[in-house]
Structures are given as C-alpha cells and as structure tokens.
1. 7 Å from Cα along Cα→Cβ at both residue B:86 and residue B:4: what's the point-to-point distance in nm?
2. Can you pull the three principal axis extents for the Cα set of the stretch A:130-186, in Å, largest first?
3. Averaged over its residues, how many other protein chain Cβ atoms are within 10 Å of peptide A:55-65's Cβ atoms?
4. Please arrange A:159, B:54 by accessible surface area, largest first, computed with a 1.4 Å probe and ligands excluded.
5. Per residue of B:2-9, how many C-beta atoms from partner chains lie within 10 Å of its own C-beta, taken as a mean?
6. For an R0 of 41 angstrom, estimate the FRET efficiency from the Cβ-Cβ distance between residue A:160 and residue B:56 and round to the nearest 0.05.
7. To the nearest Å, what is the center-to-center distance of the stretch A:17-73 and the stretch A:119-144, using C-alpha atoms only?
8. Quick one: ranking B:186, A:83 by accessible area, 1.4 Å probe, largest first, what do you get?
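The values are calculated or read from the model by the stated rules, or taken from the named source; none is laboratory data. Here the structure is a predicted model, which means the values were calculated and not measured. In this analysis, Cβ positions are derived from the backbone assuming ideal geometry, glycine residues included, and neighbour counts consider all displayed protein chains. SASA here: full protein model, heavy atoms, side chains in, ligands and nucleic acids out. Shrake-Rupley method; radii C 1.70, N 1.55, O 1.52, S 1.80 Å.
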Amino acid sequence: MKQVEDSEILLKFSVEKTRNEAFSLLLNKYQQKIYWHIRRLVIDHDDADDLVQESFVKVWKNLANFRNDSQLYTWIYRIATNESITFLNKKKLKNNISLDDVSGELSESLAASHYFDGDKIQRKLQEAILTLPEKQRVIFNMKYFDDMKYDEISEVLGTSVGALKASFHIAVKKIESILTNDELEY
Amino acid sequence: MEWEKEAPTLAALPRITPYRVPDNYFNDLTSQLNSVACLNGLTQKDDYGFVVPTNYFEELSAQIKSRIALEQLKLTHSANGFNTPTNYFDKLQASILDQTVNAKPAPKTIRFWSSDMMRYAAAACFILLTASGLYLNQQSELKSQTQTTELTSDVMLYDIDESVIIEHLKESQTATNSSASQAEMESYILNNYSANDLTNNL
C-alpha cells in the first residue's frame, strides 16, 4: 500500500467530509509503529492495546489544532510516549514502588508473557533494556529499534541533541556490558 | 555508526522486537480506532444528535419578548385595582417627614409629684410632724397627770388630822425630842417630807 504523505492526511482531515478517511489513512500509516513503541515500554500486550487506543483518540481530538511546528510523525510519537510514561508513573504510585521495582515488575511480565517470541539472547537484551532508567530506555528504543534521527527524538522528548547522544551512548555501553558478561553462559 | 564500534555484541543482534500480537490484531485495531473516533466525533457535536423545528431560534426570541410583555401587563393591571386620592403619595411623603424628621420637640413638662425624691421628702415630713405631735401630747398629759397627783396629795394632806401626822412621826422614830413645839414639828414635817410620802405612809 502506497504510503500517504502527512500533508495529504492533514489536508483531508481539515475538511469535515473527508475527515474520517484522513484518519483511516493516518491509522494505516502509524498504528503499528506507535503500538510497538508503546509495547517496548510497557511490555504487556493488553496495557499496550489500551494505551495505543488512548493515544489515537487524543490524536483524533487534537489533530485539527496541529500547527505544523513539528512533523506529524514526531507529534504522534510524543503523545504515545507521554501516555506510556504516565501509565508507568501511575503504576509506581498505585503500587507504592520505586522505578527500579517497576522495571522488576516489567521483567517478570516479560518472563511470564505468552506473547514473547524471542530466544535467550533476545530475552537477555530485553531484560538489559529494562535495567535502564525510564527516559534512557525511551531514547534507546527510538534510536535502536526505530532508527529515528536525533532531531526527531529531540522533537518527541523536548531534549537537546547533545543530551540525547550522551544518554544513548551510556545506554549502549551498559547493555553491551550486560550482554558481554552473560555471553559466556550462552 | 560510532556506537556499533563500541558495542559489537549489541550491534550484531537483529533489531527486532521479539513480541507477538494476537491474530488479526492490527486489522481489528484499525476498525476499533475508527469506531472510537467516530463515537468521539459524535459526542463533540453541538446538537448532540437532537433536531429542532425549522426557524425555531428565530421565533424563540419574539416569543420570549411577548411573554415578558404579558407578565409586565399583568403586574401593572393588578397594581391599579385600587384607587388613591389625587396627589396622595406626594402628600404622604410630606406628612411622614413632618411627623419624623421635621417634628418639633414637645415642651418638657416636669411634674412635681413625679419625682420620687419629693414623695420621700413629703412622707418624711409627715412622719416627723406626727411624731412630734404625739410626743408633745404625751408630755402634756404626763405633766397634767403629775399636777393632778400633787393636787390630790395636797388635798389629802389637808384632809388628814395633825395629831395623826404627829403620831406617825413618833412611831417612825423621827421625833426624839418631844419638847419640840407643835409649830416646829409642822415646819419640820413640811420641809422634810413631800405630800406624796405622807400620803403613801398614811
């Protein structure tokens, strides 16, 4: 299916008649990317399903006010990232636990998940990623898995390019260390 | 990329997310999201799906104005059910002012007997006069009673025989010397004994 340009989507959305069509096009173009982005953060499929729906409802409500001061793609990513972080923070408050304990819960969720389809090393990689601080994990995921440019990540998170580079560099070293130390086991 | 040189193990791994999704998840997701967006769009509509008659809002304004006029008319009519004299309200205000703000203070009348002090003073005078009168009256009665008693004693004394008086004196050991003359005895008796003493002893 030919990918529709963001400008065309926005144009169709501005007309009430073609608004629903524009939204369908937007969903086709971005729903999977946004889903996986959320899934990598929250691990559990059901949680990711709820969050992706909430994110796109917000996109629907606010797309008319989109000012083109960023790319549509990064704007949608920002909504999804904020929804995910809010969800994780609520989980922290609800269970009265620290961030490290949230990562531990996510690791348990990963281990118990029926929807995990990787081998041991893949599991190790995912567990290593879960040891990263929340924001660093977001940066790593967007750079490593989505291959986003630092400028685009900066639009999503509102962080400077320099800080993003530093954060990603630290994350890579940490994960490499975990993977290398455990390599002998494999 | 620079980081691949620093993390060869990581760089060597396939960049996949090893998670599964339920079958047809993304197809269902699209229709679900479309439904949610559609429902959300419906709730954002101003009329909320209700229909109003044609030209309703145009006629509504005129209807409201008519109703207000009718209500005002009712109020006016009920107020004119009773009649008042000509210029009544003008005069009323002046009358009220005369009785309140513009009223002259009445001359102050001081009643003599309204004061409690005067009453107490009058009562005290009365008591004083009464007491004085009683006292004086008592004193005069006492004096006359004394005079009467003396007079009675004198009368009694003159009624008694001299020889009886002399004998009494002798018996009371008053006369030791019988050589005293009768005149001397009489003067002695009169000088040393009161009429009452003689009357009582005799």
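1. Modelled inter-label distance: 11.4 nm.
2. 40, 18, 16
3. Values: counts 1, 7, 5, 1, 2, 8, 4, 0, 1, 0, 0.
Per residue, the number of nearby Cβ atoms from other chains is 3 on average.
4. So, going from the largest accessible area down, we get B:54, A:159.
5. The mean count of partner-chain Cβ atoms within 10 Å per residue comes to 5.
6. Taking R0 as 41 Å, the efficiency between residue A:160 and residue B:56 is 0.10.
7. When both Cα centres are located, 23 Å separates them.
8. Greatest to least solvent exposure: B:186, A:83.
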